[in-house]
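First the structure, in the form of structure tokens, and then the observations on it.
What follows draws every value from the coordinates through simple rules; no lab data is involved. Owing to the predicted nature of the structure, the values given are computational and were not obtained by experimental measurement. Cβ: placed from backbone, ideal geometry, glycine included. Neighbour counts: every protein chain shown.
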Amino acid sequence: MNYIKLLNAAFEKFYFDDRLNPTHISLYMALFQEWNSSRFADELYVNRRDLMRCAKIGSKSTYHRCIVDLDAWQYLSYFPSNNPYKGSKIKMTIIGTSDEPGTGQYNPILEQLAEQYYPRGVPLEEHHNPKNRQAVYQHRPTDGQALVSNTNNNKQENNIKQPKGRQVVILFFEEKGFDADEAKKFYEHYQTRSWQTSDGKPIRDWRSLATNWMDRTELFEEENKSNKKQASQIKDNLRTTKSKDYGQPL
């Protein structure tokens, strides 16, 4: 069994099957992982709790509905077990192997999927076929080739790690319900540090740092209020009057 071929065939079927919802796909991928761990055995026994945890399904009824749907739609064969100590038997369907194109042949369905994954704005490298003078794309997927997005590879690193001026910080603090004075304290504190952490590393996200600053400020204010309240209660614990007339006899 070829892991890449089976997974690509499953994703291709997902793409054109409008009956599926994200829970169906999540459960199928959890079953596919179990199938892969068992070296693509003809039959495997699964545990419902483990599958629900892996697929992030919180309801038993949702789990049973999805696995029955996958069985009805011929993604797998489901044989439920009445024995709590023995898991249900699953037989995974081998998708798309009977009519797979040969190595190096053109698959139009895979090209449609590859165009969905290819990032917009990036020109496709091409060369011309000398026979029919038509453009042949070098990025056309061949049999067994994984459909991998190039978006992450072409992503540029965001170099804006510090705010563009003090006013941007003030607006951010005001959106969170804080005044401009607190924003100025934050900006001046890290401006003097050249926007570096205490260990000398550059700050990656100043907004996250500002949010942490505001959280600590609220916590500090709440602790001060509680300390003042306790001090006032201790100070007035005897409940004595402050206005006394020492001229009266005892």
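With r as the distance between the Cβ atoms of HIS64 and SER208 and R0 = 30 Å, compute the FRET efficiency 1/(1 + (r/R0)^6) and round to 0.05. The pair SER208/HIS64 has a calculated efficiency of 0.15. Across the cross-link table entries LYS201/LYS225; LYS56/LYS91; LYS13/LYS56; LYS56/LYS89, which are compared at the Cα atoms, the separations over 27 Å belong to LYS201/LYS225.
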